[in-house]
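Asker: Can you keep this structure in mind? I'll have questions shortly.
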Amino acid sequence: MTATQTTYPGSFIAGAQHGNAGDPLEVVNPAEGRAFASVAAATEADVDAAVHAAASALPAWSDLAVSKRGEILGRAAHHVEEHIDELIPLLTREQGKTLRDSRIEITKAIDTLMHYVGLSKALRGAHTPNLDPGVEGYVLRRPLGVVGAIVPWNFPTTLLCNKLAPALVAGNTVVAKPAATTPLTTLRFAELLAEGGLPEGVFNVVTGRGSQAGEALVTHKDVRKIAFTGSTPVGEQIMALAARGTKRVTLELGGSDPMIICDDADLAAAASAASMGRFYNCGQACLAIKRVYVFDSVADEVIESIVEKAKRLKVGRGDVKGTQMGPMHTAGGREEMSAQVSRTLKSGGELRAGGGPPDDPDLADGFFYEPTVVVDPPHDAPMATEEVFGPALPIWRVGDLDEAIERANASPFGLGSSVWTRDLARAREAATRIEAGYTWINSRTKVYDELPFGGWKSSGYGKEHGEEAFDYYTETKSVVLGATVLTGATTKRRRASARSASSEARSV
Ligand code: NDP
């Protein structure tokens with residue numbers, strides 16, 4: 001650790017900073033390749049303290065009316081919004097993304113909180129009046145309890161709030177673990193929510209490595225559910241660990257989203273979408289355009305346009321005005337992606353843009369990589385079969401929609417997808433046949449709070465967003481009101497007792 005680094009005690013538990021007992025973990029600025037802070041890692045005992053705080057806060061929080069929980073969360077979210085200018089540079093510093101993208105991300109995170117605040121006023125349940133003569137039933141929803149939220153580094157605040165908002169409105173309390181490399185924005189976010197009136201213990205944060213703090217959270221006996229976003233291998237591991245104790249899980253995992261560009265598409269719009277959808281956040285997004293399939297007859301024009309856009313993108317530090325794409329988040333991530341591109345090119349395909357770090361000496365210490373385009377690699381090359389988590393885009397020419405859909409589905413992943421065409425029949429056919437949780441038609445990668453989101457196949461299990469998210473943070477119970485309750489005698493007795501109760505009430 002150097003003298004210029006700021007040291008942080010670690011977690012945020014029961015409304016206050018909590019000094020973790022583990023080793024200090026360095027927080028690196030990806031644009032400089034140097035640590036600027038260190039945060040003590042949570043041990044099993046620190047995680048236990050956080051879960052204990054969440055469990056203690058649970059009865060009072062879950063007893064509040066749902067609209068009251070919404071009101072409290074809404075006020076707290078508003079307080080975060082008032083401090084957004086403090087969070088933006090912090091996110092850019094620890095994550096690497098541009099200041100503009102940090103603002104977009106945190107604004108979206110707050111929007112998601114407010115979306116569920118709105119839903120807290122509109123929640124209604126199911127009632128069935130005539131199950132049998134005189135018998136009626138309704139469905140009761142109860143919170144699960146303490147929820148563990150495990151989040152990666154690429155969108156620390158939005159991916160947190162996708163879990164936090166429905167979990168809290170539904171009456172659960174939460175312990176979150178951000179990625180070890182991006183703890184600072186999450187810690188400050190939690191402090192701001194507490195300053196804004198979120199009661200202590202309702203939302204807690206533990207920092208530290210996934211293999212320690214993360215696993216301690218997953219295996220803690222008092223945690224009822226794990227909401228996880230991250231890679232498919234870790235998601236599978238978490239699902240296996242959660243099996244003990246039949247814990248609930250939602251898993252938002254990796255993706256390799258296909259984009260299909262038909263010959264009748266608005267080609268200029270499609271090329272812009274391919275470039276934005278791949279290079280946004282330096283290509284480090286689960287929902288990014290990771291494979292393009294373009295009809296042969298228009299392929300040259302589309303490829304030329306995407307290549308030109310990739311070459312023109314301004315790569316630089318996220319905190320410098322005019323930068324369009326910042327660095328990758330870690331040196332390891334850059335090495336991994338660089339190796340994927342090299343292995344792919346060894347097996348075939350043409351490198352049309354990028355292919356390595358930029359020449360600019362000012363960027364030599366950061367984890368920068370140029371926007372990269374590879375055309376027509378083999379269909380079994382690493383860039384086709386593996387998730388590419390960085391700014392490198394493979395493009396293939398295809399003969400028709402059938403071939404495009406077949407190629408699109410030849411992937412273990414099924415997160416997002418898009419199709420570009422002016423033909424409604426083609427669009428509907430693609431939307432029906434592509435195996436993915438989202439299909440955008442003439443549009444790309446924007447997730448709406450109103451619509452359920454979640455991957456098929458190896459991209460995950462369960463849904464976030466939409467009213468559907470509540471299904472993953474509650475248990476339902478069917479309650480049957482039997483006929484005997486409604487017999488004349490019982491009703492007369494009840495009326496008599498109600499008359500006496502109301503005369504007593506008037507006399508108070
Ligand atoms: P990881 O799976 O490595 O890490 C995600 C989180 O899990 C981190 O907080 C990590 O902690 C933690 N973790 C790691 N190991 C364990 C464990 N054994 N037990 C509990 N927690 C653990 O993902 P990446 O950091 O590589 O993130 C990128 C991946 O996330 C990509 O595959 C991407 O597609 C996916 N993703 C999916 C999204 C979706 O909504 N479907 C959205 C965004 C990303 P730590 O890092 O501190 O070790």
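Laboratory data are not the source of any read-out in this text; all were calculated from the coordinates shown. Predicted model, so just to flag it, every value in this text is computed and none were measured. Neighbour counts are summed over all protein chains in view; Cβ atoms, including those assigned to glycine, are modelled from backbone coordinates with ideal geometry.
Asker: Can you give me the distance in nm between label points at Arg343 and Arg428, each placed 7 Å from the Cα along the Cα-to-Cβ direction?
Answerer: For the pair Arg343/Arg428, the computed spacing is 4.2 nm.
Asker: Also: Just going by the charge dipole of the chain, with Lys and Arg at +1 and Asp and Glu at -1 on Cβ, which of Trp61, Gln5, Gly466 is farthest out on the positive end?
Answerer: Farthest along the dipole direction, towards plus: Trp61.
Asker: Given the chain, report the % of alpha carbon pairs whose separation exceeds 45 Å.
Answerer: Numbers: 25335 of 128778 pairs.
Result: 20 percent of Cα pairs exceed 45 Å.
Asker: Additional query: Can you give the charge dipole size of segment 65-123 about its Cα centre, rounded to the nearest 20 debye, using +1 on the beta carbon of Lys and Arg and -1 on the beta carbon of Asp and Glu?
Answerer: Here segment 65-123 has a charge dipole of around 220 debye.
Asker: A follow-up question, please. Hey, what angle do you get for helix 44-63 against the long axis of the chain, alpha-carbon based, 0 to 90 degrees rounded to 10?
Answerer: Helix 44-63 sits at roughly 50 degrees to that axis.
Asker: In debye to the nearest 20, how big a dipole does the chain give about its Cα centre with +1 on each Lys and Arg Cβ and -1 on each Asp and Glu Cβ?
Answerer: Here the size comes out at about 2200 debye.
Asker: Where does the charge balance sit around Lys121 when Lys and Arg score +1, Asp and Glu -1, over other residues with C-beta under 12 Å from its C-beta?
Answerer: Every neighbour counted, the sum reads +2.
Asker: Oh, and also: Hey, rough spin-label estimate for Asp266 and Arg75, points 7 angstrom out along Cα→Cβ, what's it come to in nanometres?
Answerer: 4.5
Asker: Can you say what percent of the DSSP beta bridges in the chain, counting only those with both residues inside, are antiparallel? Round to 5.
Answerer: 45
Asker: Can I ask one more? On a straight-distance basis, which lysines could pair with Lys68 in a cross-link, Cα separation under 20 angstrom, same-chain partners fewer than 8 positions away excluded?
Answerer: Qualifying lysines at Cα under 20 Å: Lys121, Lys163.
Asker: Okay, moving on. With Cβ to Cβ distances under 13 Å as the rule, what net charge do the other residues near Ser459 carry (K, R +1; D, E -1)?
Answerer: -3
Asker: Which entries in the list Lys108/Lys314; Lys177/Lys290; Lys108/Lys221; Lys108/Lys247; Lys290/Lys446 go over 22 Å, if you measure between the two C-alpha atoms of each?
Answerer: The answer is Lys108/Lys314; Lys177/Lys290; Lys108/Lys221; Lys108/Lys247.
Asker: Can you give the relative contact order of the chain as a percent, counting alpha carbon pairs under 8 Å and 6+ residues apart?
Answerer: Relative CO of the chain lands at 17 percent.
Asker: Oh, and also: Along the positive direction of the dipole of the chain (beta-carbon charges: Lys, Arg +1; Asp, Glu -1; about the Cα centre), which of Ala21, Tyr116, Ala288 reaches farthest?
Answerer: Comparing the listed Cα positions along the dipole, Tyr116 ranks first.
Asker: Amide H to amide H under 5 Å from Thr250: which residues, 5+ apart in sequence or cross-chain, H placed 1.01 Å off N in plane?
Answerer: Ile226, Ala227, Phe228
Asker: Using the Cα gyration tensor of segment 1-95, with a ≥ b ≥ c the square roots of its eigenvalues, what is the shape: rounded (a/c below 1.5), prolate (a/b larger than b/c) or oblate (neither)?
Answerer: Oblate, since a/c reaches 1.5 and b/c is not below a/b.
Asker: Tell me which residues come under 5 Å, amide H to amide H, from Leu131 once H is placed; ignore anything under 5 positions away on its chain.
Answerer: It is Glu136, Gly137, by chain and number.
Asker: Determine, for each peptide in 297-310, 374-387, the mean count of other beta carbons within 10 angstrom over its residues, then list the peptides with the highest first.
Answerer: Details: 297-310: 17.8, 374-387: 19.3.
Answer by packing, highest mean first, reads 374-387, 297-310.
Asker: Could you give the angle, 0 to 90 degrees to the nearest 10, between helix 232-243's Cα long axis and the longest principal axis of the Cα atoms of the chain?
Answerer: Orientation of helix 232-243: about 20 degrees from the principal axis.
Asker: If you don't mind, another one. Filter the trypsin sites (Lys or Arg not before Pro) in segment 212-256 down to the DSSP loop ones having no more than 12 other Cβ atoms within 10 Å, then list what survives.
Answerer: Those satisfying the criteria are Lys221, Arg244.
Asker: Moving to a separate point now. For the pair Leu241 and Ala122, how long in nm is the line joining their label points, each one 7 Å along Cα→Cβ?
Answerer: With each label point 7 Å from Cα toward Cβ, the separation is 3.7 nm.
Asker: Next question. Take the alpha carbon gyration tensor of segment 300-438, find the square roots of its eigenvalues, order them as a ≥ b ≥ c, and report rounded if a/c is under 1.5; if not, report prolate when a/b exceeds b/c, else oblate.
Answerer: prolate
Asker: Next up: What is the sum of charges around Lys321, taking Lys and Arg as +1, Asp and Glu as -1, for the other residues whose C-beta is under 12 Å from the C-beta of Lys321? Spell out each step's value before the answer.
Answerer: On the way: positive: Arg100, Lys314, Arg317; negative: Asp319.
Within the 12 Å Cβ shell, the charges total +2.
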